[in-house]
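Please read the structure below before turning to the comments.
The values are calculated or read from the model by the stated rules, or taken from the named source; none is laboratory data. Just so it is clear, the structure is predicted and the values come from calculations on it, not from any experiment. Ideal geometry is used to build each Cβ from the backbone, glycine not excepted, and the neighbour counts take in all protein chains shown. Note: areas computed on protein heavy atoms with side chains; ligands, DNA, RNA excluded. Shrake-Rupley method; radii C 1.70, N 1.55, O 1.52, S 1.80 Å.
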Amino acid sequence: MKISGVWLDNPGTQAVLGMLTGAGYQALAVGGCVRNALLGVPVTDVDIATDALPETVSNLAETAGLRAVPTGIAHGTVTIVAQGEGFEVTSFRHDDESFGRHARVSFGADLAQDAARRDFTMNALYAQADGTVIDPLGGLPDLLARRLRFVGDAEARIHEDYLRVLRFFRFHAQYGDPAQGLDPDALAACAANSAMLETLSRERVTAELRKLLAAADPAPSVAAMAQAGVLNAVLPGADARLLPVLVHLEDGAPGGWLRRLAMLTGDADGLRLSKAETREFGKIRDAFGSMHSPAALGWTLGETLGADAVLGRAALFENHAPEGWHADVKRGAEAQFPLKPADLMPALQGPDLGTAIRQAQAQWLASDLSLGKEALLSRLGLA
Ligand code: ATP
Ligand code: MG
């Protein structure tokens, strides 16, 4: 089986692979890029595996005039910059013993050992520079059947790294077949180890949840997480029941991992969100309790958050989103409040002016943005 794609054929990828194979080493694209290419979904980053040791990788890069950055030297990863793009090159490795995150890593392993240390069979697929796929563990049939399977014994692999519990649900949401359900043994192993998730860093947990909740339909995976006690281990107090309702209402609307998060919980303190995300999350949650029309929400929150609010609120009340809601949110986001402070002066000044503007705004929002300048002035007794 052969694959192709710009990610593989582009000069940067070929330069890094060629630099290694030209010196007599093995060099293969591995993991997400190969998996996604086989599924026909976009490839975001290209990871490369090689039997050359990290030091050799750096030396070869230097000789080839490419920048090499030791980004994860403990794990054998050197990032090589070629054609302005970064490629993570990781030496074949064998994880002798793992203590949670801290694997005792040894290099000089072969491809079979490198495959065996990876998490899922669909993530242990390799491709040579010409696109020939190498599948040491039978990951290809799993991938084509959209079956997420641990490499080796799930329980043992989870003990090596508890993050794999979250990766299990995340990859199922992204690439699994929702109709199939999750592998029962793996699910039992996740449930048995849910209490260990508190040992993970907030950054790693947040990164996994972000990807999980951004999947087209994360609801089946999240329901399984809830049942296994995993959801509450990472989001105490979360409730998964309304997520499928929300996803149904979204009807393919793009983005929105924060909207989905807000549907699960009001408390994201256990996660590591950016400042902007924290602000947006708060606004979405607050809007769930608002009585504003979709247009008024669009004006108050902008198009994206306004849509989040309308959808979330409809899900919460297990209602349909109102007819034409999206156009209304958009109309609100583009609307201009008809009054300017100058329109109220000199009749009103100082604090009175501010109060009147706020009053007029509330009336305008309550009118679904229909009141014009004259009507607003007359309601203020100024016209
Ligand atoms: P994406 O980047 O699209 O989320 P990916 O498969 O590239 O998916 P990464 O987290 O970037 O996922 O990891 C790259 C590869 O490294 C994986 O495909 C897998 O083979 C291996 N890997 C990453 N994290 C782990 C882990 N915790 N345990 C075992 N193998 C892992
Ligand atoms: Mg990746």
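How long are the semi-axes of the ellipsoid equivalent to region 337-379, from square roots of 5 times the Cα gyration tensor eigenvalues, in whole Å, largest first? Let's see the in-between values first.
Values: eigenvalues 63, 22, 10 Å².
Three semi-axes, in Å: 18, 10, 7.
How much length, in nm to one decimal, is gained on full extension between Ala327 and Thr56, taken as 0.36 nm per residue of separation minus their Cα-Cα distance? Before the final figure, lay out each step's value.
Numbers: separation 271, 0.36 × 271 = 97.56 nm, distance 5.78 nm.
Separation in residues times 0.36 nm, less the Cα-Cα distance, equals 91.8 nm.
Counting pairs of alpha carbon atoms under 8 Å apart in space and at least six apart in sequence, what relative contact order in percent does the chain give? Mind dumping the intermediate values first?
Working: 602 pairs, mean separation 35.6, N = 383.
Value for the chain: 9 percent.
Please report the antiparallel percentage of DSSP beta bridges with both residues in the chain, rounded to the nearest 5.
Numbers: 26 of 30 bridges.
Taking every DSSP beta bridge within the chain, about 85 percent pair in antiparallel fashion.
Can you tell me which of 348-357, 221-230 comes out highest on packing, and rank the rest after it, using the mean Cβ neighbours within 10 Å? Kindly include the intermediate steps, with their values, before the conclusion.
Details: 348-357: 13.4, 221-230: 21.4.
Listed from highest to lowest mean packing, they are 221-230, 348-357.
If you take the beta carbon distance between Ile73 and Arg379 as r and set R0 to 56 Å, what does 1/(1 + (r/R0)^6) give as a FRET efficiency, to the nearest 0.05? Each step should come with its number before you reach the end.
Numbers: r = 68 Å, r/R0 = 1.22.
Efficiency at R0 = 56 Å is approximately 0.25.
If packing is taken as the average count of other Cβ atoms within 10 Å, what order do 45-52, 374-381 fall into, highest mean first? Numbers along the way, then the final one.
Details: 45-52: 21.6, 374-381: 15.4.
Ranking the peptides 45-52, 374-381 by packing returns 45-52, 374-381.
Give me the Kirkwood hydrodynamic radius of the chain, using the inverse of the mean 1/r over all pairs of distinct Cα atoms, in Å to one decimal. Intermediate results must be reported in sequence, preceding the final value.
On the way: mean 1/r = 0.0418 Å⁻¹.
Averaging 1/r across every pair of different Cα atoms and inverting gives 23.9 Å.
Using a ≥ b ≥ c from the Cα gyration tensor of region 38-94 (square roots of the eigenvalues), is it rounded, prolate or oblate, where a/c under 1.5 gives rounded and otherwise the larger of a/b and b/c decides, a/b for prolate? Mind dumping the intermediate values first?
On the way: a/c = 2.20, a/b = 1.33, b/c = 1.65.
Oblate is the answer for region 38-94, as a/c is 1.5 or above yet b/c matches or exceeds a/b.
Computed over the Cα atoms, what is the radius of gyration of region 233-378 divided by 2.2 N^0.38 Å, N being its residue count?
1.21
Give the percent of DSSP beta bridges with both residues in region 1-145 that are antiparallel, rounded to the nearest 5. List each step's numbers first, then the result.
Working: 25 of 29 bridges.
DSSP beta bridges in region 1-145 are roughly 85 percent antiparallel.
With every protein chain present, what accessible area does Lys340 have (1.4 Å probe, heavy atoms only), rounded to the nearest 10 Å²?
130 Å²
Tell me, what is the FRET efficiency for Ser370 and Gln83 to the nearest 0.05, using R0 = 56 angstrom and their Cβ-Cβ distance as r?
Details: r = 55 Å, r/R0 = 0.98.
Calculated transfer efficiency: 0.55.
Could you grab the relative contact order for region 4-73? Cα pairs under 8 Å, six or more apart, rounded to a whole percent. Could the numbers behind the result be given before it?
Values: 60 pairs, mean separation 19.7, N = 70.
28 percent.
With each pseudo-label sitting 7 Å past Cα toward Cβ, what's the His320-Lys2 distance in nm, one decimal?
It works out to 5.2 nm between the two label points.
On a C-alpha basis, how far is the centre of region 184-200 from the centre of region 247-275 in Å? Whole number, if you could?
Each part reduced to its Cα centre gives a spacing of 23 Å.
Does region 155-204 come out rounded, prolate or oblate, given a ≥ b ≥ c as the square roots of the eigenvalues of its C-alpha gyration tensor, rounded meaning a/c under 1.5 and, failing that, prolate meaning a/b above b/c?
Details: a/c = 2.47, a/b = 1.46, b/c = 1.69.
Here region 155-204 falls in the oblate category.
Could you give the length gained on full extension between Gln227 and Asp251, defined as 0.36 nm per residue of separation minus the Cα-Cα distance, in nm?
Values: separation 24, 0.36 × 24 = 8.64 nm, distance 2.52 nm.
Length difference between fully extended and current span is 6.1 nm.
What is the spread of the Cα atoms of region 1-145 along each of their three principal axes, largest first, in whole Å?
Its Cα atoms span 43, 38, 25 Å along the three principal axes.
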